[in-house]
Amino acid sequence: MAEKLNFDLVSPERLLLSEQVDMVTVPGADGDMGIMGGHAPVMATLRPGVIGVETEGQPERRYFVRGGFVEVTLAGLTVLAEHTVPLAELDSAALEREIADAQEDVADAKTDEKRRIAQEKLDYLTQLRQAL
Amino acid sequence: MASLKDLRNRIASVKATQKITKAMQMVAAAKLRRAQDAAEAARPYAERMDRVLANLSTGMAGRDDAPALLAGTGSDQVHLVIVATADRGLCGGFNSSIARLARQRIVKLIGEGKTVKIVTVGRKGRDTLKRDFGDRIVKSFEFTGIRQIGFAQAEEIARTVLDMFEAGEFDVATLFYSKFVNVVSQIPTTQQLVPASVAALDAEGADLGGAIYEYEPDEGEILKELLPRNLAVQIFRALLENVAGEFGAKMSAMDNATRNAGDMIKKLNITYNRSRSRAFSSPVDWPDGSENAARQKSNVPHGKMKERT
C-alpha cells in the first residue's frame, strides 16, 4: 500500500477522529473524491453524504456528514463537518419513525418559525435516509 | 442588643447560608471543568476554520465581488448588537460587566446618530438591557432548559442573524461576550461578526510546500458557503467562553460568600458568648472590671436572667 494519509474528522464540538488511514472517500460539492496519501492540496465544500474511511485490515467505516468542507494539505486530510453521524449507529426502522414524527411536526406547526425548524429536521432526516 | 435566642437564630441562619454557598461553589467548580473541556474540544474546528478563511479572504480582499459578509454592505448606519450573557445570576459581576460594556457601546452609537438593534442571548443580559433599551431589543434567546450548550444553539442564533442580514436589516454586527482568562478573571470583549473582522482571521496559512490549492467549486463559491458557517462557529466559541466564564465567576463569588459567612459566624459567636457570660455571671465579677454592680445588674434585662435556668 502507498503512504498513509493523516485523516482528521472534526465537528464544531470536538475532534471525532484523528488517525492514519489508507483512503477516504469524500462527498465533495462537485462529486465524490477518493483521497489517498500524497494527494495534491485541495479545498472543497461538502455536500450531504457519506464519508468512507478505509484502513488496511479493518472494515470500512462510514459516516454521514452534512455542512462543512474538506481541506487537503501536505499534512493530510481534514474534514470539517457540522453534523456527523456514524452510519453504524443508524437504525433504519428508528429513522423511519423519526421521519414520520418530523412530518407530523411540519403538518402541526402553528407558527412559521416552528414550521421552518420542523422542516429543517425533516430535510436532515431525509438526507440521512438517502445515505443509508 | 439582640437577645441570646436571636443571636442563636442568626448564627444558625448564617451557617445554613454558608452551607448553600459552599455547595454552589463546588457545583460551579465541577461545571467549570466540563465547560473548559468543551471549549478545548471545540478549538480544532475553529482554528481550522480561521485558517481556511484567512487563506481565502486574502485572495478576495479588494475585489468587487467579495461577499457582503466579508466586505460589508458599504454602510454602517444600522448596528446589530448581540449581547451574550449567562442565564443565571449569583456569579459576581460577570453579567453586569458584559452588559455595561454593551451599554457603553450602544449609548455611543446612538449618540453618533446610528440605529441600534439588540439581540440578547441569555436571560440576565435581556433583563438588564430591557430597562434602558427595551424597544430596541429585536430578539432574545434563552437556554435555561439546556444542560450543556451545543453547536445547535449557536447555529440557531447565527441563522437569525443571517436572516436579518439578508433582509438588509443591519449593516454591522458586533458580539459582546466575556473572554475566559482564568477562574478569577473574565474579560468582557467585543467582536465584530459582520463584516467578518480581519483580526480574527489573522491566522497562519497551511504549509503547502509551494503548491497551491485546487478549489472545488471556485474560491468565491467556497467563501460564500463558509462565511455563514463561520458566523455560527464564532458565536459558538463565544458561548463556550461565556459558559466557562460564568462558572469561573460563580466559583469565586461563592468562595467569597462562603468566607464572608465564616467571618460572620465567628463574630456572632463571640458576641453570643460575651452576652451569655454576661447573663450568667454575678454582677460583681464583670469581665470588664466595672465596679458599679447595681447599675450593671439593672442593665441585664429581666428576660435574660431566665436563661440561667
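The values are calculated or read from the model by the stated rules, or taken from the named source; none is laboratory data. The model shown is predicted, which means the values in this text are computed figures rather than measured ones. A quick note on method: Cβ atoms are made from the backbone with ideal geometry, for glycine too, and the neighbour counts reach across all protein chains shown.
On the stretch given as segment B:93-130, residues that are assigned to a helix (DSSP H, G or I) and within 19 Å of the chain's Cα centre (by Cα) total 21. The residue list B:Arg147, B:Arg131, B:Arg100, B:Arg123 contains one member that is of a type in the set (D, E, K, R) and in contact (Cβ under 8 Å) with a residue 40 or more places away in the chain, which is B:Arg100.
For segment B:4-56, what are the residues that are over 27 Å from B:Ala257 (Cβ atoms) and touching a residue at least 12 places away in the same chain (Cβ under 8 Å)? Listed by number, the residues that qualify are B:Ala42, B:Tyr45, B:Ala46, B:Glu47, B:Met49, B:Asp50, B:Arg51, B:Val52, B:Leu53, B:Ala54, B:Asn55, B:Leu56.
When the strands (runs of 3 or more DSSP E) confined to segment A:39-79 are screened for residues that are of a type in the set (Lys, Arg), assigned by TED's automatic domain parsing to the domain that holds A:Thr25 and touching a strand residue (DSSP E or B) at 6+ places or on another chain (Cβ under 7 Å), those reaching at least 2 such residues are found at A:61-73. Yes or no: A:Glu96 surrounded by fewer than 19 Cβ atoms within 10 Å (Cβ to Cβ), at pLDDT below 80 and not assigned by TED's automatic domain parsing to the domain that holds A:Ser18? So A:Glu96 fails the test. Could we say that B:Val183 is more than 14 Å from chain A (Cβ to nearest Cβ), within 19 Å of the chain's Cα centre (by Cα) and of a type in the set (A, V, I, L, M) here? Yes, satisfied.
A residue that is at the interface with chain B (Cβ under 7 Å from one of its Cβ atoms) and basic (Lys, Arg) occurs somewhere in segment A:14-27.
What number of residues within segment B:213-237 satisfy the criterion of being in contact with a Pro (Cβ under 8 Å, 6 or more places away or on another chain) and more than 7 Å from chain A (Cβ to nearest Cβ)? Give the derivation first.
Our first condition is that a residue be in contact with a Pro (Cβ under 8 Å, 6 or more places away or on another chain); within segment B:213-237, this holds for B:213-214, B:220, B:223-224, B:227, B:232-233, B:236.
Filter again for more than 7 Å from chain A (Cβ to nearest Cβ), leaving B:220, B:223-224, B:227, B:232.
Counting residues in segment B:213-237 that are in contact with a Pro (Cβ under 8 Å, 6 or more places away or on another chain) and more than 7 Å from chain A (Cβ to nearest Cβ) gives 5.
For segment A:30-45, taking the residues that are facing another protein chain (nearest Cβ under 9 Å) and buried (at least 16 other Cβ atoms within 10 Å of the Cβ), the one that is nearest to B:Glu214 (Cα to Cα) is identified as A:Val42.
Is there any pair with a first residue in segment B:81-97 that is farther than 23 Å from B:Asp135 by Cβ and in contact (Cβ under 8 Å) with a residue 24 or more places away in the chain and a second that is acidic (Asp, Glu) and not in a loop (DSSP other than H, G, I, E, B) whose Cβ atoms are under 6 Å apart and which are 6 or more apart or on different chains, and what are they? Between residues of segment B:81-97 that are farther than 23 Å from B:Asp135 by Cβ and in contact (Cβ under 8 Å) with a residue 24 or more places away in the chain and residues that are acidic (Asp, Glu) and not in a loop (DSSP other than H, G, I, E, B), the close pairs are B:Ala86/B:Glu246; B:Cys91/B:Glu246; B:Phe94/B:Glu246.
List pairs: first residue in segment A:52-74 and away from chain B (no Cβ under 11 Å) and more than 30 Å from B:Arg159 (Cβ to Cβ), second residue in a loop (DSSP other than H, G, I, E, B) and hydrophobic (A, V, I, L, M, F, W, C) anywhere in the structure, Cβ distance under 9 angstrom, at least six positions apart or on different chains. Going by the 9 Å Cβ cut-off, the qualifying pairs are A:Glu56/A:Met1.
Looking for something modelled with pLDDT under 80 and polar (S, T, N, Q) - is there at least one such residue anywhere in segment B:275-286? Give the steps one after another, and end with the answer.
Quick first cut of segment B:275-286, residues modelled with pLDDT under 80 only: B:279-286.
Imposing the further condition that a residue be polar (S, T, N, Q) reduces the set to B:281-282.
So far as segment B:275-286 goes, yes, one or more of its residues are modelled with pLDDT under 80 and polar (S, T, N, Q).
Candidates A:Asp101, A:Asp108, A:Asp8: the one that is within 27 Å of B:Pro217 (Cβ to Cβ) and out of contact with any helix residue (DSSP H, G or I) (no Cβ under 7 Å at 6 or more places or on another chain) is A:Asp8.
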